Each structure stands twice: as structure tokens, then as C-alpha cells.
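Report on the structure given below.
All of the numbers you see were taken from the coordinates with simple rules; none came from a lab. All figures in this text were calculated on a predicted structure; none of them were measured in a lab. Virtual Cβ from ideal backbone geometry, glycine too; neighbours counted across all protein chains shown.
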Amino acid sequence: MNKNNLISKRNQCRLCDSKNLVMAVPLKPTPVAEKYLSEEELNNDELFCPLDLFMCKDCGHIQLLDIVEPNFLYSDYTYSSGRSKGLVDHFEKYADDICKKYLPSENNLVVDIGSNDGTLLKFFKKQKLRVLGVDPANEIAQKATKEGIETIPKFFDKQLANEIIEKYGKVKIVTANNAFAHMDNLREIMEGIKILMNENSIFVFEISYLLDVIQKVLLGTIFHEHHSYHSIIPLVKFFDKFDMEIIDVSRNNIQGGSLIGVVQFKNGIYKKNDSVTEILQLENENKICEIETFKIFSENLKNTKKNIKELIQNIQNDKKIIAGFGAARSGTTLISQMEIGKSIKYIVDDNQSKQGKYSPGDHILVRPTSHMYENFPDYMIILAWVHSKNIIKDHQKYLNMGGSFIVCFPELKIIKK
Ligand SMILES: [Zn+2]
């Protein structure tokens, strides 16, 4: 593995091709967040990649410009949406809502780009629609196919779009959920999506919403798979270039704050609703396309870091033990940006595929959750921040035994019995 070939740098905006890009949020380079290491791998040279966020001065899009080679990034990708009960329920509602609003006919085709384990498509299948997934994570794609959700194990592009319509015909509903934030070449992807569609089709995307990232200081959503940090103002301009329009947006609480947008051809059959105008107004009021907003965000991050480090120093001065909860991708960003790796004795996680491995960068051993009861830490810092509420609810016993949880975002809090 030649490390130099694994990172490339864009010099043009992912949405509008402009070269007018400025640094918006400087962050420390980190290892790829999902690459938990086996004991043997600890000896290898680890790749650290820049994680700075840039703003396009022409369209306002916030994005990473340093790109980790996708085959490396996704080669041992283990994230599986079907594992999270909250996400499964969310996808069920998502599919129901889309079917109620846009009334597809029986056997219409739904294609999900970045379909992961097929969780979303299962719910469209339940609504008697034909479904097809596309996902480059080979193992997950094959498993989905075996379980009845046909999934093409490839990266989506124009060529694949042409193959799909040749074999299956035009698509009624195209969906791309976090994939829409994950893809580097969004313009080419959009050209491919357009090939799948006609004036009767809709394209539905779900994104982690930039306004929530800013307002709730969702540092944990920033990692190398997330190339784009979307808001609606830049996307309206983006879709316009494809002769397409956003006709509906709705916000939800997934991943700390997400947004579902629906897009059609400008001569499409559906009516645009007021939600689009309303959200554009909200984004303007919150100055989402102004660099000043991100200077304030960076300051907030700096303050949080100072407070967390102080708290941890005080705990250590008292000779107390700190462990981490959740070997999630967000944890890698949190630990490395806050520079607290050396203070965390071990991490616990329910996910067996992470247990016995070491966290990227700081090499903290991941243990089963039971370990926190056998090897009692005085403090448990929650790394899987989106699940804070559930973690605390499920581990009242730990609080009863005298332990304390540390929650870092949106505000630093210590939770005791
Ligand atoms: Zn741009």
C-alpha cells in the first residue's frame, strides 16, 4: 500500500465546479474513522488524512476536499443499517410516507443507491414495488441479495444507470440516502440518476443536515466518508443545472438531524410544496452560506475541546478511571479532534465485529459491553453520541453502581444517578 496514492485533493466545488474555495472549519488530520485495527495491524503505518471543511464561495456548499481512495475507504466497511432499531423504524416510515405522497403503482421500480443491507428497500418491497439496490460494499451487497433484495455490488455511475434501464426499464423512485453525502463525484452520479428517471419519476435523498450540524455542534458527523455537508441553498442551484427541482423537504432527528428532499424533472407531474420556500428562508436567516457562521462554529468547537480537556484532567488528577462507550465512526473524530485518546482506558461496544480490535489512531482496545461492569470505570465518555439517550437508559445499573456518563455534545454534561 502506497500511502501517497490513497489521498487525492480536489480543487473544484463538488456541486458547481467553482475553484473559489475557502477553508471554513480547520480540523486535525485523522485516520479513517471506521478502520478499527486487529492486533497484527497495529504494527502497520496508519494513514492520517486531512479533515478540513471548505466552503465554495460561489454556491455555498460545505465539503471535504481531501479524498481517501474509495476502495481503501470501503474495503472493510462494516456499517450495517439493519443493526440499528431506530434506523429500521425510520426507513419504514420513510418508505410509507413516500408511497402515500407519490402513489407509485404496483410493480413500479425503486432503485436505492448506496442501499447497504437493503433495509430501506425491504419496506418498498412490502408496498408491492419492485426493488433494486446498488452498493459497492461487496460483502453487504451479497448478503442483501441472498436475503431477497437484489443488490448490484458496484459503484453507481452512468454506465451502470444505462445497464439498469436496459434490463429493468425506467425507475419510478430513485433513493440515495447517506450515499448523497458520501459520493465524491456528485455531478456524475446525478447524470446517472437522471438517466434512470423520466417526468413521472422522483429522486429522494436523505442527508445529515448542515443547519443541525452547526446548531447542535454535531462534530461526530464529520468523517472521511462524508464528503458533503449539505444545505438546501446550494442544492437548489445544483439541481437546476440538471433541469430538476426540489419539490419537498422534511427534517427529522436521525443522526442528530437529517433532511429528506424530493426532486423531480422541471416538467414533472408532482406539485412543489411550501416547505422548500420555508427552508430557504430559514437558511438565509441562519446565514448558512456565510463564512462567518463557520468561524463561530470553529470557535464553539475550540471551547468544547478546552472544556473537555479540563474536565478529563481533573478526573485524572483524582486518579479516577475513564472508559469510552461506542466504537462508532463518530468516536474516532471525537477522540482525535478533542485529543483525549490517551485518557481512555478501553472502549465498550455491543458489536462483536469491533470487539478485540483497536480504535484508529489512538489504538484503544474495544471490549464487550459487559466489561464495564467487570472492570468498573468511574466515568464513561459517550463516543456514540447520537445514541446517548438510549445508552444511558440501558445502563441505569452502571449509574446505580456509582458510575457517571460524560456527554460531550451539544453541551458538556456529567450524568450521575
Ligand atoms: Zn460550488
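Of K100/K122; K237/K272; K35/K389, which ones are farther than 22 Å apart at the Cα? Each step should come with its number before you reach the end.
Values: K100/K122 16 Å; K237/K272 16 Å; K35/K389 26 Å.
Pairs exceeding the cut-off: K35/K389.
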Which of P26, L15, L64 sits closest to the plus end of the dipole of segment 3-64, meaning its Cα is farthest towards the positive end, when Lys and Arg get +1 and Asp and Glu get -1 on the C-beta? L15
In the chain, with Lys and Arg counted as +1 and Asp and Glu as -1 at Cβ, which of these residues, I214, V134, N107, has the Cα nearest the positive end of the dipole, that is, farthest along it? I214
The local net charge around K126, scoring Lys/Arg +1 and Asp/Glu -1 for residues other than K126 whose Cβ lies under 15 Å from its Cβ, equals -1
Can you tell me the orientation of helix 85-102 relative to the chain, as the angle in degrees between its alpha-carbon axis and the longest Cα principal axis, to the nearest 10? 20 degrees
Which of the aspartates and glutamates could a cross-linker span from K413 if the Cα-Cα distance has to be under 20 Å and same-chain partners fewer than 8 positions apart are dropped? D212, E299, E310, D318, E339, D378, D394
Under 5 Å between amide hydrogens, which residues at least 5 positions from A323 or on another chain qualify, with H placed 1.01 Å from N in the peptide plane? K345, Y379, M380, I381
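Mind putting a number on the dipole of the chain about its Cα centre? Charges go on the C-beta only, +1 for Lys and Arg and -1 for Asp and Glu, and I need it in Debye to the nearest 20. Before the final figure, lay out each step's value.
Numbers: 54 positive and 54 negative charges, 157 e Å.
Taking the Cα centre of the chain as origin, the dipole is about 760 debye.
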Could you sort 125-134, 304-313 so that the peptide with the highest average Cβ count within 10 Å comes first and the rest follow in order? 125-134, 304-313
Taking θ = phi - 60°, what integer Hz values does the Karplus form 6.51 cos²θ - 1.76 cosθ + 1.60 yield along segment 22-30, in sequence order, with x for Gly and Pro? 10, 5, 10, 9, x, 10, 6, x, 9
Return, in residue-number order, each cysteine of the chain whose C-beta is not under 4.7 Å from any other cysteine's C-beta. C49, C99, C289, C408
Charge tally for neighbours of D66 with beta carbon under 9 Å away, counting Lys, Arg as +1 and Asp, Glu as -1, is +1
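Given the pairs K85/K354; K126/K146; K19/K194, which span a C-alpha to C-alpha distance of over 21 angstrom in this model? Numbers along the way, then the final one.
Working: K85/K354 19 Å; K126/K146 17 Å; K19/K194 25 Å.
Where the Cα-Cα span goes over 21 Å, the pairs concerned are K19/K194.
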If packing is taken as the average count of other Cβ atoms within 10 Å, what order do 285-291, 190-196, 148-154 fall into, highest mean first? 190-196, 148-154, 285-291
Estimated vicinal HN-Hα couplings, Hz - segment 386-397 in sequence order (Karplus 6.51, -1.76, 1.60; Gly, Pro = x): 5, 9, 3, 4, 5, 4, 5, 4, 6, 10, 4, 4
List the aspartates and glutamates whose alpha-carbon lies under 12 Å from that of K9, not counting same-chain residues fewer than 8 positions away? D52, D66, E69, D184
In degrees, nearest ten, helix 291-317 long axis to first principal axis of the chain (Cα): 30 degrees
The answer for T175, listing residues at least 5 apart or on another chain whose modeled amide H is closer than 5 Å to its amide H, is V111, D112, I113, V204
Cβ neighbours within 10 Å, averaged per peptide: list 216-224, 204-212 in order, most packed at the top. 204-212, 216-224
Compute the angle between helix 275-285 and the longest alpha-carbon principal axis of the chain, please, reported from 0 to 90 degrees and rounded to the nearest 10. 50 degrees
Please give the Cα centre distance for segment 85-143 versus segment 1-54, rounded to the nearest Å. 31 Å
Under the Karplus relation 6.51 cos²θ - 1.76 cosθ + 1.60, θ = phi - 60°, what is the ordered set of whole-Hz ³J(HN,Hα) values for segment 144-159, x standing for Gly and Pro? 4, 4, 4, 8, x, 10, 4, 9, 7, x, 9, 6, 6, 8, 4, 4
5 Å is the cut-off here: which amide hydrogens, built 1.01 Å from N in the peptide plane, fall below it relative to S258, excluding neighbours closer than 5 in sequence? Y209, N252, N253
